[in-house]
Amino acid sequence: MTLLAVEDLSLGFATEAGFASVLDRVSLSIERGQVLGLVGESGCGKTTLARAILGVLPRETARITGGRVLFRGADLLTADPASINQTIRGRAITFVPQDPFTSFNPVFTVGDQIMEILKWKSPRASEPAGHGWLPAVVSRYPADRKRADLDAVLELLDTVQLPRPKQMLRKYPHELSGGQRQRLMIAMALLPGPDLVIADEPTTALDVTIQAQILGLIRRLATERNVAVLLTTHDLGAAYEICDAVNVMYAGQDVESAPVDRFFAAPAHPYTTKLLASLPDASGTASGIPGEVPGLITPPGGCRFHPRCERADGPCRDARPPVDQLGGGHWVRCYHPHGGIR
Amino acid sequence: MMGGWRRELDRFTRDRAATLGLALLLVLVVAAVFAPILSPFPGDVATFHTANRLRSPDAVNWLGTDRMGSDLLSRILFGARITITIAVVAVGSAVVVGVPIGLVAGYYGGWPSNLLMRVSDIFLAVPQIVLAIAIAQTLGPSIENVILALSITYWPFWARLVFAETRSLKNEVFIESAIALGASPLRVMTLHVLPNIASAIIVRTSIGMGATILTAAALGFLGLGAPPPTPEWGRMIAESREFLPEAWWYATVPGVAIFMVVMGFNLLGDGLRDFLDPRIRRGAGAK
Amino acid sequence: MTPLSVRDLKVHFAVRGPFNRRIGSIKAVDGVSFDLMPGEVFGLVGESGCGKSTLGKAIMGIHEPTAGEIWFEGQRIDALAPAARRAVRKSLQYAYQDPGASLDPRWKIGSSLHEPLLIHTDLDQAAREKRISSILEAVGLPDTHLDLYPHEISGGQQRRVGLARILTLAPKVVILDEPTSGLDVSVQATVLSLFRSLRETFDLTYVLISHDLAVIRTMCSRVAVMYLGRIVESGPTEAIFDRPRHPYTRSLVAAIPRIGGARVTRNFWLQGEPPDPGNLPSGCRFRTRCPKATDLCAREEPVLSTLAPGSVACHYPE
């Protein structure tokens, strides 16, 4: 059974200027232990999609207008929010954010913050989180479970190559470097024993050598622990490095998906090819993409890329292209794909 | 451009409290400017009619008369002039002294700035009323001395505000780049820093006016302001003390006047703060 | 004549303890020397904390150098009086990471563009307008923008205005500080091509500071690699990327993903993090992470010495 299947998800945000259609019938699927890259530039909706899967969209302004998010067969959008809070979020699905610094509370040590998570989300916990009527601060943390949790933490900190784990737990977030904080976030994401980790641009804020270390770490841990990873990024190089498959999004629509080697060797969608062509290479020739990303309050009709695409014609403006299976797990949504049949 | 002004006025008037504040102040200004025309007995500022003393409000004297028989309404209207003069001159000189000091201290930093800020701390430590008493003792009670006492003790507020704002603004990229372009410190301070902190200064000034009037009234109440028969509001309240509670109008009328003016400045100040700040932020986001 | 020369430049920041006593220093830039060639694009590359941004700002005079010399057009500029320093800024300019942020939000764009000319030249209104007009054309912006405020135009256009402002002075050397940081890949390509065309039109020399090796590779003719305040290797771009000699340069180059090639993250060999800049290791700064480190490396700090076609600071270069 597919671990996660997003089917035709559409949602938007109510803003002062109107309703912004941030996701338009987006689909993706991840198998157990697979690393899927979600690639797109700013404004494409990849972070919103990650938040929708986690169920942490802003309640007042976000409106889901269609689609399903099936996790282990059950639709997360219609499930009981309390049960999602207890069993799914932070347990079966965890999150590694883009900026690890602001995700930490600056006035508590990292050890305190990690143990607090395990108080509720430890795989060894017998009762589901938030079950009792006592407030969190005064509920019990059984001593034997606490010891077992602490051992698990130290072991995982070692696995993510953090030096001297015991001393690390006593430090405050500002005493750590960006790379160390990100390793901590990865460890914290793995501690509850999840099936899926959503990593939102986890290496964007890091230096290139640290980035290489962190990406390698994510890949290794995913394989060793059979944990699926949804990696959102605008860095195609990072996607190439560790993903099994890549999905491309543009302005809230998903436009192409393929296994990684095929994706980079034979991209089909014009946006994908242009994106790959804008990577600076040794010869110094890199072309940009003319035009700008459209606003989402009145987005272009049909395929949202058509205003910037030289292949666009009538059908592109009228209706969104359907999914076109190109074989070998490669699909594209385009009326005029490269190497295409239409 | 004209359309812009009207739109801004529209947006301002949406804030009821701020509009009320503005209205109250307009009343003050009109009262002060047109006092001779509006007062039913303009001569009562200087002449006495002891036969009429302590009349309660009636058809002739709408707000009653004081212990010398002068029409309270007229005296209040002329008193508005004194109030405005004290507020504008005291706060005005505090601003004129405090803002440049704060600018220079915030821009340059180092020991000169420390020195300037410590000097301002010294002045801050002096209580206004005590200083006013001391000045009145040595130089004699007068409106000018009240203004002197108020402005000497008040300029540090602006110096500190401008110092803090300048220091934080100095880290902004556009300030650094103006310096990198070769702009002289004077140019940066007056043309770049000052316009960007103007809204904070304006808000503080408005509220400062209200506070100054209150303090000036207190000083007048203590007898440190102008000698009689100057129709200073605070002094009028002081005079009324021995005739309370029968001559209730004698204390109430100047009290209400003070209250309205101070509230007017405070409401306006609050309203200006809301009006000026989100505008910049909102404008920046409306791409 | 080299337009810009830096000799053994040092910029140290004091670390202060209680009672404001100086208890240590952060050697952000610790002995950097290079000469700029006219018309080239000289790259300064390194990771965070290497001192490249501090170096750029020190050249501009935003940070005071602790030691060393900066020579611009044959004149020593690091110890100049403020007024003379300001005059130098006419020809030596600095483009921020987001040039749009360099615009005063309360000034109209036209005023911001006139300002450099008002400060440095005696041109009258008409002459200034003519110059500004031609520069707006060069950066691809319409004249109508002059009446707008920065927040009324898009981010990309703000960027162009910021660049136009620098160019009104017809500088000789422009220091570009992380010009593509945070930009999407497709926008990045447009921005870089704009820089290229401006260089040709205005005959500029660039110092390009970036942590993005791909950008450096595509724009620069010569590159200097910095680590913890020093240049560890420098040379022509091709040589640096194809045949890096210093172990740190090798690790940087090895970290770049190569689409279509082998996965670099699988066996990436550089471990750990750079040491605390306030507490540098003895001898070579890189030795704590270097697979080749020996006792010599702990005793003696290697000096940047010529090793054709560039220079390397290592006891055991490849």
- line: The residue from B:Pro112, B:Pro156, B:Pro100, B:Pro127 that alone is surrounded by fewer than 21 Cβ atoms within 10 Å (Cβ to Cβ) and under 22 Å from B:Ile202 (Cα atoms) is B:Pro100
- prompt: Name the residues in segment B:68-80 that are within 16 Å of B:Met260 (Cβ to Cβ) and out of contact with any Asp or Glu (no Cβ under 8 Å at 6 or more places or on another chain), would you?
  reply: B:Leu73, B:Ile76, B:Leu77, B:Ala80
task: Starting from segment C:252-280, take each residue that is among the polar types (S, T, N, Q) and list its partners that are in a loop (DSSP other than H, G, I, E, B), counting only C-beta distances under 6 angstrom and pairs at least six apart or across chains.
output: none
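For (1) surrounded by fewer than 20 Cβ atoms within 10 Å (Cβ to Cβ); (2) at the interface with chain A (Cβ under 10 Å from one of its Cβ atoms); (3) at pLDDT below 90; (4) not in a helix (DSSP H, G or I), each residue gets a yes or a no:
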{"site": "C:Tyr206", "(1), (2), (3), (4)": "no, no, no, yes"}
{"site": "C:Pro244", "(1), (2), (3), (4)": "no, no, no, yes"}
{"site": "C:Tyr248", "(1), (2), (3), (4)": "no, yes, no, no"}
{"site": "C:Pro257", "(1), (2), (3), (4)": "no, yes, yes, yes"}
{"site": "C:Arg266", "(1), (2), (3), (4)": "yes, yes, yes, yes"}
{"site": "C:Trp269", "(1), (2), (3), (4)": "yes, yes, yes, yes"}
- line: Residues of segment C:220-262 being over 28 Å from A:Asp261 (Cα atoms) and of a type in the set (A, V, I, L, M, F, W, C), in sequence order, are C:Cys220, C:Val223, C:Ala224, C:Val225, C:Met226, C:Leu228, C:Ile231, C:Val232, C:Ala239, C:Ile240
- prompt: Of all residues in segment A:162-204 being within 14 Å of chain C (Cβ to nearest Cβ) and farther than 23 Å from A:Thr233 by Cα, which is farthest from the chain's Cα centre (by Cα)?
  reply: A:Arg164
message: I want to confirm something. Restricting to segment B:21-51 and keeping residues that are over 17 Å from the mean Cα position of the chain (by Cα) and farther than 19 Å from B:Gly79 by Cβ, which single residue is surrounded by the fewest Cβ atoms within 10 Å (Cβ to Cβ)?
response: B:Ala51
task: Quick one: which residue in A:Val96, A:Val35, A:Val39 is among the β-branched types (Val, Ile, Thr), within 14 Å of chain C (Cβ to nearest Cβ) and under 30 Å from C:Gly155 (Cβ atoms)?
output: A:Val39
Residues of segment C:271-281 satisfying the condition of being more than 10 Å from chain A (Cβ to nearest Cβ) and not hydrophobic (A, V, I, L, M, F, W, C): C:Pro275, C:Pro277, C:Gly278, C:Asn279, C:Pro281
query: Would you say B:Gly102 is of a type in the set (Gly, Ala, Ser), out of contact with any Ser or Thr (no Cβ under 6 Å at 6 or more places or on another chain) and on the phi > 0 side of the Ramachandran plot?
result: no
message: Checking the conditions here, which among B:Arg75, B:Arg16 is buried (at least 19 other Cβ atoms within 10 Å of the Cβ), within 23 Å of the chain's Cα centre (by Cα), modelled with pLDDT of 80 or more and basic (Lys, Arg)?
response: B:Arg75
message: Just to be sure before I move on: is A:Gly66 crowded, with 18+ Cβ neighbours inside 10 Å and either in a strand (DSSP E or B) or touching a Lys or Arg at 6+ places or on another chain (Cβ under 7 Å) (or both) in the structure I sent?
response: no
- line: Selection over segment C:150-184 where residues are buried (at least 20 other Cβ atoms within 10 Å of the Cβ), within 14 Å of chain A (Cβ to nearest Cβ) and either among the basic types (Lys, Arg) or in a helix (DSSP H, G or I) (or both) yields a count of 4
statement: Residue count, segment A:87-102, condition of a type outside the set (A, V, I, L, M, F, W, C) and either under 21 Å from A:Val6 (Cα atoms) or at pLDDT 85 or above (or both), comes to 6
- line: Of (1) crowded, with 17+ Cβ neighbours inside 10 Å; (2) within 14 Å of chain C (Cβ to nearest Cβ); (3) closer than 24 Å to C:Thr190 by Cβ; (4) within 23 Å of the chain's Cα centre (by Cα), A:Pro280 fails just (4)
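If I ask for residues that are small (Gly, Ala, Ser) and not in a helix (DSSP H, G or I), which ones from segment B:129-158 would you list?
Residues satisfying the conditions are B:Gly140, B:Ser142.
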Any pair with Cβ under 8 angstrom, 6 or more apart, that starts in segment B:57-75 at a residue that is farther than 11 Å from B:Pro231 by Cα and ends at one that is of a type in the set (Val, Ile, Thr) and in a helix (DSSP H, G or I): B:Leu63/B:Ile76; B:Leu63/B:Val253; B:Gly64/B:Val253; B:Met68/B:Thr50; B:Gly69/B:Thr50
query: Taking B:Ala200, is it without any contact (Cβ under 8 Å) to a residue 60 or more places away in the chain and within 13 Å of chain C (Cβ to nearest Cβ)?
result: no
task: Might you let me know whether segment A:321-335 holds any residue that is surrounded by fewer than 19 Cβ atoms within 10 Å (Cβ to Cβ) and under 30 Å from A:Ala14 (Cα atoms)?
output: yes
- line: Of those in segment A:1-35 that are among the hydroxyl-bearing types (Ser, Thr, Tyr) and closer than 18 Å to A:Pro194 by Cβ, the residue modelled with the highest pLDDT is A:Ser29
task: Within segment A:237-271, track down each residue that is within 11 Å of chain C (Cβ to nearest Cβ) and part of a helix (DSSP H, G or I).
output: A:Gly237, A:Ala238, A:Ala239, A:Tyr240, A:Glu241, A:Ile242, A:Val260, A:Asp261, A:Phe263, A:Phe264, A:Ala265, A:Tyr271
statement: Within segment C:226-239, restricting to residues that are surrounded by 17 or more Cβ atoms within 10 Å (Cβ to Cβ) and within 12 Å of another protein chain (Cβ to nearest Cβ), the one that is nearest to A:Pro163 (Cα to Cα) is C:Tyr227
task: For C:Leu146, state whether it is away from every other protein chain (no Cβ under 12 Å), outside any loop (DSSP other than H, G, I, E, B), in contact (Cβ under 8 Å) with a residue 24 or more places away in the chain and over 25 Å from the mean Cα position of the chain (by Cα).
output: yes
query: If you go through segment B:148-171 one residue at a time, do you hit one that is within 14 Å of chain C (Cβ to nearest Cβ) and of a type in the set (Lys, Arg)?
result: yes
query: Do we have any residue at all in segment C:114-131 that's buried (at least 22 other Cβ atoms within 10 Å of the Cβ) and among the aliphatic types (A, V, I, L, M)?
result: no
Breaking point among (1) farther than 21 Å from A:Ile218 by Cβ; (2) among the polar types (S, T, N, Q); (3) within 12 Å of chain A (Cβ to nearest Cβ), for C:Ser305: (3)
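The values are calculated or read from the model by the stated rules, or taken from the named source; none is laboratory data. The structure displayed is predicted, hence computed values, not measured ones. Please note: Cβ atoms are built from the backbone with ideal geometry, for glycine as well, and neighbour counts cover all protein chains shown.
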